[in-house]
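Student: Quick one: the structure is below, questions incoming.
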Amino acid sequence: MKGFTLVEILLSLAILAVLIAVSAPVYQQLQSQNGMDNLTTIVAQDMRRAQSHARASDGGLPWGVDISSNTVTLFEGSSYASRVQAYDETYAFSSDITVSGLLDVVFSELSGDPQSIGTTTFSVSSGATRTLSLNAHGTISY
């Protein structure tokens with residue numbers, strides 16, 4: 001006789017179920033941390049772009065980055081509230097990621113110096129965190 005017995009098939013399915021049950025949380029954690037790493041990189045790139053636009057005096061106004069309600073916005077204007085909305089570039093991120101610290105930064109026109117300095121902390125429920133720092137000279141490190 002050829003083929004598999006019912007016991008062999010059930011045993012194989014049970015082993016497969018255990019492997020999936022064990023690997024699913026690890027995959028979820030890996031996915032959350034990857035999203036946090038991507039968001040950290042996107043915020044750093046947006047800050048650098050805002051600084052570059054401000055130095056080039058694109059539009060004749062300062063440029064900045066705002067992080068609020070699960071979105072990152074690159075904007076033109078002296079503040080997020082008084083921005084030129086036509087130039088907004090937004091990126092939505094997962095609600096699994098918590099952001100705290102420096103959430104709004106504007107770079108001065110021509111000099112590109114930030115009007116506020118500090119750190120932005122990104123965290124996920126697993127406890128992993130990433131920190132992005134902005135100093136008075138506009139250097140961004142993470």
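All of the numbers you see were taken from the coordinates with simple rules; none came from a lab. A quick note: this is a predicted structure, and the numbers were derived from the prediction, not measured. All Cβ positions, glycine included, derive from the backbone under ideal geometry; neighbour counts span all protein chains shown.
Student: Tilt of helix 6-55 relative to the longest C-alpha principal axis of the chain, in degrees (0 to 90, nearest 10)?
Tutor: 10
Student: According to the Cα gyration tensor, what semi-axes, each the square root of 5 times an eigenvalue, does the equivalent ellipsoid of region 61-116 have, listed from largest to smallest in whole Å?
Tutor: On the way: eigenvalues 87, 35, 11 Å².
Semi-axes, largest first: 21, 13, 8 Å.
Student: Under unit Cβ charges (Lys, Arg +1; Asp, Glu -1), what dipole magnitude, rounded to 20 debye, does the chain have relative to its Cα centre?
Tutor: 400
Student: Provide, in order from the shortest bin, the percent of all Cα-Cα pairs of region 31-141 in each 10 Å bin, continuing until the bin that contains the maximum pair distance.
Tutor: 16, 49, 28, 7, 0
Student: Under 19 Å from a point 7 Å along the Cα-to-Cβ line of residue 56: which residues of region 87-122 have their amide N that close?
Tutor: 87-90, 106-114
Student: Assuming R0 = 25 Å, what is the FRET efficiency of residue 129 and residue 49, from their Cβ-Cβ distance, to the nearest 0.05?
Tutor: E between residue 129 and residue 49, to the nearest 0.05, is 0.55.
Student: Also: Pick from 30, 39, 13: which is most flexible by mean-square fluctuation in a GNM of the chain where alpha carbon atoms under 10 Å apart are linked?
Tutor: Of 30, 39, 13, the Gaussian network model singles out 13 as fluctuating most.
Student: Just from its helices, what would the mean residue ellipticity at 222 nm be for the chain, if runs of 4 or more DSSP H residues each count -39500 (n - 2.57) and the sum is divided by every residue, rounded to the nearest 500 deg cm²/dmol? Mind showing how you got there, number by number?
Tutor: Working: 1 runs with 50 residues, N = 142.
Taken over the chain, the calculation gives -13000 deg cm²/dmol.
Student: If you don't mind, another one. Each residue of region 126-131 in order: what ³J(HN,Hα) in whole Hz does its phi give by Karplus 6.51 cos²θ - 1.76 cosθ + 1.60, θ = phi - 60°, with x for Gly and Pro?
Tutor: Values per residue, Gly and Pro as x: 6, x, 6, 9, 9, 10 Hz.
Student: So, one more: Give me the distance in nm between label points sitting 7 Å out from Cα along the Cα-to-Cβ direction at residue 7 and residue 23, one decimal.
Tutor: 2.7
Student: To continue, here is another question. If amide H atoms are built 1.01 Å from N in the plane of the peptide, which residues on other chains or at least 5 residues away come under 5 Å of the amide H of residue 102?
Tutor: 119, 120, 121
Student: Return 53, 137 ranked ascending by Cβ neighbour count within 10 Å, so the fewest neighbours appear first.
Tutor: Details: 53 22, 137 10.
Fewest-to-most Cβ neighbours within 10 Å comes out as 137, 53.
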